[in-house]
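Colleague: Sharing a structure with you now.
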Amino acid sequence: MEQVYVLPARAFPKAQDRLLPLEAPFLRYLEREGFFLPRLEAEENPAYRQVIPYALVRYAGQYLLMRRKRAGGEARLFDRFTLGVGGHINPEDAGENPVETALGRELYEEVGLQRYTARAVGLIVLDDTPVSRVHAGVVFVVEAEEEPAVVERDKLEGRLCGLEEIWAVYEGLEDWSKRVADWLRDVG
């Protein structure tokens, strides 16, 4: 039975339609106090939020922009653009820093990155859909030391691009990526 890393929903700040600030003590709290639940239970129980590391990848001054293909699994995300590399925290990621360990695993599995620096910059806490009520994103800016490349090409396609290209597809971005794009616009 698949297990995912969660925290009680009450542990998170109130849902807001923007990237929320993430202080280092809260990140440490997430890593110290989270626990695993069966995924089926976590997907249906809004008393918990699944913690998802979500990385905005930069390389040579550009950002990785990907588009989800139909083979990607989640019908609600078909043909949507994403700025995020990430996924669930699994029991194999358990240890002192499960959020950062899962981030590293996802970066390697999805875009082949092994050399990078990561900085946590915010939280995504939404409540506008049943899916958003049971997930929370921990957003990282990842400065890649090597060029990222989509690994699962049957599920995703991707390219490096500048901010103007991100704005050109803004309406096609998935919800979390819109929050990240808005943050990018605000921080310059």
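The values are calculated or read from the model by the stated rules, or taken from the named source; none is laboratory data. In this text the structure is predicted, and so the values were computed from the model without any measurement. Here the Cβ positions follow ideal geometry from the backbone for every residue, glycine too, while neighbour counts run over all protein chains shown. When the accessible area is computed, the model is the full protein with side chains, heavy atoms only, and any ligands, DNA or RNA have been set aside. Shrake-Rupley method; radii C 1.70, N 1.55, O 1.52, S 1.80 Å.
Colleague: Confirm whether ARG49 is over 19 Å from ASP93 (Cβ atoms), surrounded by 15 or more Cβ atoms within 10 Å (Cβ to Cβ) and among the charged types (D, E, K, R).
Modeller: Values: over 19 Å from ASP93 (Cβ atoms): no; surrounded by 15 or more Cβ atoms within 10 Å (Cβ to Cβ): yes; among the charged types (D, E, K, R): yes.
Taking the combined requirement at face value, the residue does not satisfy it.
Colleague: Quick check: is even one residue across region 136-158 at pLDDT 95 or above, among the basic types (Lys, Arg) and over 17 Å from ALA60 (Cβ atoms)?
Modeller: no
Colleague: Shifting gears a bit: Search region 82-96 for residues being assigned to a loop (DSSP other than H, G, I, E, B) and in contact with a strand residue (DSSP E or B) (Cβ under 9 Å, 6 or more places away or on another chain), and hand back the single one that is nearest to TRP167 (Cα to Cα).
Modeller: Pass one, region 82-96, residues assigned to a loop (DSSP other than H, G, I, E, B): 83, 87-90, 94-96.
Imposing the further condition that a residue be in contact with a strand residue (DSSP E or B) (Cβ under 9 Å, 6 or more places away or on another chain) reduces the set to 83, 87-90, 94.
Working: LEU83: 12, GLY87: 24, HIS88: 27, ILE89: 30, ASN90: 33, ALA94: 37 Å.
Checking each candidate, the answer is LEU83.
Colleague: From ILE52, ILE124, grab the single residue that is within 20 Å of ALA181 (Cβ to Cβ) and either out of contact with any His (no Cβ under 7 Å at 6 or more places or on another chain) or among the aromatic types (Phe, Trp, Tyr) (or both). Walk me through it before giving the result.
Modeller: On the way: ILE52 fails: either out of contact with any His (no Cβ under 7 Å at 6 or more places or on another chain) or among the aromatic types (Phe, Trp, Tyr) (or both).
When all the criteria are applied, what remains is ILE124.
Colleague: On to the next question. Could you tell me which residue of region 154-183 is farthest from the chain's Cα centre (by Cα), considering only residues that are under 27 Å from GLU43 (Cβ atoms) and among the basic types (Lys, Arg)?
Modeller: Only one residue tops the list, namely LYS155.
Colleague: Something else now. Scan region 12-28 residue by residue and report those that are open to solvent by 50 Å² or more (accessible area, probe 1.4 Å), part of a loop (DSSP other than H, G, I, E, B) and either in contact (Cβ under 8 Å) with a residue 12 or more places away in the chain or within 21 Å of PRO46 (Cβ to Cβ) (or both). Working first, answer last.
Modeller: The initial filter retains those residues of region 12-28 that are open to solvent by 50 Å² or more (accessible area, probe 1.4 Å), namely 13-14, 16-18, 21, 23-25, 28.
So of that shortlist, the ones also part of a loop (DSSP other than H, G, I, E, B) come out as 13-14, 16-18, 21, 23.
Selection gives PRO13, LYS14, GLN16, ASP17, ARG18, PRO21.
Colleague: Can we say GLY104 is under 21 Å from ARG28 (Cβ atoms), part of a strand (DSSP E or B), open to solvent by less than 40 Å² (accessible area, probe 1.4 Å) and not aliphatic (A, V, I, L, M)? If you could, list the steps in order and put the result at the bottom.
Modeller: On the way: under 21 Å from ARG28 (Cβ atoms): yes; part of a strand (DSSP E or B): no; open to solvent by less than 40 Å² (accessible area, probe 1.4 Å): yes; not aliphatic (A, V, I, L, M): yes.
When the stated conditions are applied, GLY104 does not pass them.
Colleague: Would you mention how many residues in region 34-63 are closer than 21 Å to VAL139 by Cβ, among the aliphatic types (A, V, I, L, M) and assigned to a strand (DSSP E or B)?
Modeller: Going through region 34-63 one residue at a time, the tally reaches 5.
Colleague: Only one of (1) outside any loop (DSSP other than H, G, I, E, B); (2) open to solvent by 30 Å² or more (accessible area, probe 1.4 Å); (3) of a type in the set (D, E, K, R); (4) in contact with a strand residue (DSSP E or B) (Cβ under 7 Å, 6 or more places away or on another chain) fails for ASP79. Which number is that?
Modeller: Status for ASP79: all satisfied but (1).
Colleague: Follow-up. Residues VAL111, VAL142, VAL151: which one is within 20 Å of LEU19 (Cα to Cα), of a type in the set (A, V, I, L, M, F, W, C) and in contact (Cβ under 8 Å) with a residue 24 or more places away in the chain?
Modeller: On the way: VAL111 fails: within 20 Å of LEU19 (Cα to Cα); VAL151 fails: within 20 Å of LEU19 (Cα to Cα).
Residue meeting the stated conditions: VAL142.
Colleague: If we only count strands (runs of 3 or more DSSP E) wholly inside region 116-188, which ones have 3 or more residues that are aromatic (Phe, Trp, Tyr) and buried (at least 19 other Cβ atoms within 10 Å of the Cβ)?
Modeller: The strands (runs of 3 or more DSSP E) meeting that bar number zero.
Colleague: Inside region 87-101, can you point out the residues that are of a type in the set (A, V, I, L, M, F, W, C) and either open to solvent by less than 10 Å² (accessible area, probe 1.4 Å) or closer than 19 Å to SER177 by Cα (or both)?
Modeller: At the first step, the residues of region 87-101 found to be of a type in the set (A, V, I, L, M, F, W, C) are 89, 94, 99.
Within region 87-101, ILE89, VAL99 meet the criteria.
Colleague: Which condition from (1) surrounded by fewer than 19 Cβ atoms within 10 Å (Cβ to Cβ); (2) in contact with a Leu (Cβ under 8 Å, 6 or more places away or on another chain); (3) acidic (Asp, Glu) is the one that GLU110 breaks?
Modeller: If we test GLU110 against (1) surrounded by fewer than 19 Cβ atoms within 10 Å (Cβ to Cβ); (2) in contact with a Leu (Cβ under 8 Å, 6 or more places away or on another chain); (3) acidic (Asp, Glu), just (1) comes out false.
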